[in-house]
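The values are calculated or read from the model by the stated rules, or taken from the named source; none is laboratory data. Quick caveat: nothing in here was measured; it's all calculated off a predicted structure. Cβ: placed from backbone, ideal geometry, glycine included. Neighbour counts: every protein chain shown. Heavy atoms of the whole protein, side chains included, go into the accessibility calculation; ligands, DNA and RNA do not. Shrake-Rupley method; radii C 1.70, N 1.55, O 1.52, S 1.80 Å.
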Amino acid sequence: EPDVTIVSGLEDMVVFEGDDVTFRCQVSHENARDVEWRLQDVALQDNEMNEISVEKGKIHTLTLKKVTEQDIGTIAFRVGSHTSTA
């Protein structure tokens, strides 16, 4: 199985309270497994507040909906042993 790497990492974002914010990270291979999104070192799941998806097989996206002050912090995307933060 090929080693999946991060081709294009996360970018820092500034948003207003109540807005949605989307983070994108592109990986080197489609159908990457062992992928994880974290906010302030807490693993995120796809639910009504966090939308996690994959576009075109390689672009992993995380949308935080209606952010609050509690959402301030570091977002991390991990695939295998590779990590990108914003």
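Structure notes:
- Trypsin sites (Lys or Arg not before Pro) within the range 17-69, DSSP loop, no more than 15 other Cβ atoms inside 10 Å: 33, 56, 65, 66
- The chain - percent of accessible surface contributed by carbon and sulfur, probe 1.4 Å: 46
- With the biggest extent put first, the Cα atoms of the chain measure 41, 20, 19 Å across the principal axes.
- Low-density loop cleavage sites - chymotrypsin sites (Phe, Trp or Tyr not before Pro) in the range 8-86, where at most 16 other Cβ are within 10 Å (DSSP): 16
- Between residue 66 and residue 13, residue separation times 0.36 nm minus the direct Cα-Cα distance comes to 17.7 nm.
- The figure for residue 29 is an accessible area of roughly 70 square angstrom, using a 1.4 Å probe on the protein chains alone.
- Computed over protein heavy atoms with a 1.4 Å probe, the accessible surface of the range 6-85 works out to 65 Å² per residue.
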